[in-house]
Amino acid sequence: MSGHSKWHSIKHKKAAVDAKRGKIFTRHIREITMAAKAGGGDPDANAALRHAIDGAKAVNMPSDNIKKAVMRGTGELEGVNYERISYEGYGPGGVAVLVETITDNKNRTVAEVRHVFAKYNGNLGENGCVAWMFSRQGMIIIEKSAIQEDDLLELVLENGAEDLKVEDENYMVSTSIEDFENVSKAINEQNLPVISAELAMIPSTNVKLEGKQAQQMLKLTDKLEELDDVSNVWSNFDIDEAEIEAYQG
């Protein structure tokens, strides 16, 4: 999620992760397999694989699962052929929605994505209809209790970070694509507890939603993320914390 919740409601995101850990593991396995297939099985020489493995470790995936996923990607173990496909559309209030998937059956995936859009007052659009509203950027989320803000700011700026923000109980460090690896490495070397580290799609502007539209958009995003083939959902909606609490309640 983006807009309201990818970076503004970490508690909501963490609760969803905990509730769907089996599906989260499946998605990380696909990411690792894809990265190993594209760039080889050595994480020291394959930055995408290293990031995928770090993401899997962040959700406590067993090392044996990680190893097998790498081996499937390199062909040492038999595996499924996956491909990355992105879908674009609109949610309630004209909100832009970008859905990233990893799938072995694109006909199944597009049917499931289209069904969720239609059910929750959205519609699937043509390729390119909303992607221009987003830019890819590194985003690292760290537990606030682990380090003082000034110390973290000095650390990440020295290694190329663009910005540091505080949101509830977490720090959010943003970087360019080029500096993402350097900043991630510097944070890891300090053994700081990273909640997530990824190349995110950040919207240039946000659309404020309230009431029924806000609730529908939260439901749309959640239902898209529940699909097995969906790896990420990005959007440009913004809502008040009260709307999130009402949805969770």
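The values are calculated or read from the model by the stated rules, or taken from the named source; none is laboratory data. No experiment lies behind these values; they were computed from the predicted model shown. Cβ placement follows ideal geometry from the backbone for every residue including glycine, while neighbour counts extend to all protein chains displayed. Heads up: the accessible areas ignore ligands, DNA and RNA and are worked out on the full protein's heavy atoms, side chains in. Shrake-Rupley method; radii C 1.70, N 1.55, O 1.52, S 1.80 Å.
Here the sum of -39500 (n - 2.57) over DSSP H runs of 4 or more residues, divided by the residues of the chain, equals -14000 deg cm²/dmol at 222 nm, to the nearest 500. The accessible-area ordering, largest first, of the residues ARG50, ARG84 stands as ARG84, ARG50, per a 1.4 angstrom probe.
In this simple spin-label model, placing a label point 7 Å from the Cα along the Cα-to-Cβ direction at both ASP64 and LEU77 gives a separation of 1.0 nm. In a fully extended conformation the segment linking GLU158 and ASP240 would gain 26.1 nm over its present Cα-Cα distance, using 0.36 nm per residue. Between the residues LEU220, ILE187, ILE177, the greatest Cα displacement towards the positive end of the dipole of the stretch 166-240, with unit charges on the Cβ of Lys, Arg, Asp and Glu, is found for LEU220. Computed over the stretch 106-249, the convex hull of the alpha-carbon atoms projects to a mean area of 10.1 nm². Over 30 Å apart at the Cα level, from the set LYS67/LYS219; LYS37/LYS208; LYS144/LYS219, are LYS67/LYS219; LYS37/LYS208. As a fraction of the 1.4 Å probe accessible area of the chain, surface on carbon and sulfur atoms comes out at 46 percent.
Each residue, ASN191 and GLU149, gets one label point 7 Å from its Cα in the Cβ direction; the gap between the two is 2.6 nm. Taking all Cα pairs closer than 8 Å and separated by 6 or more residues, the relative contact order of the stretch 79-222 comes to 27 percent.
Between the C-alpha center of the stretch 62-117 and that of the stretch 199-239 there is a gap of 17 Å.
How large is the direction-averaged shadow of the alpha-carbon convex hull of the chain, in nm²?
If you wrap the Cα atoms of the chain in a convex hull and average its projections, you get 13.1 nm².
About its Cα centre, the dipole of the stretch 114-196 is roughly 760 debye, where the only charges are +1 on Lys and Arg Cβ and -1 on Asp and Glu Cβ.
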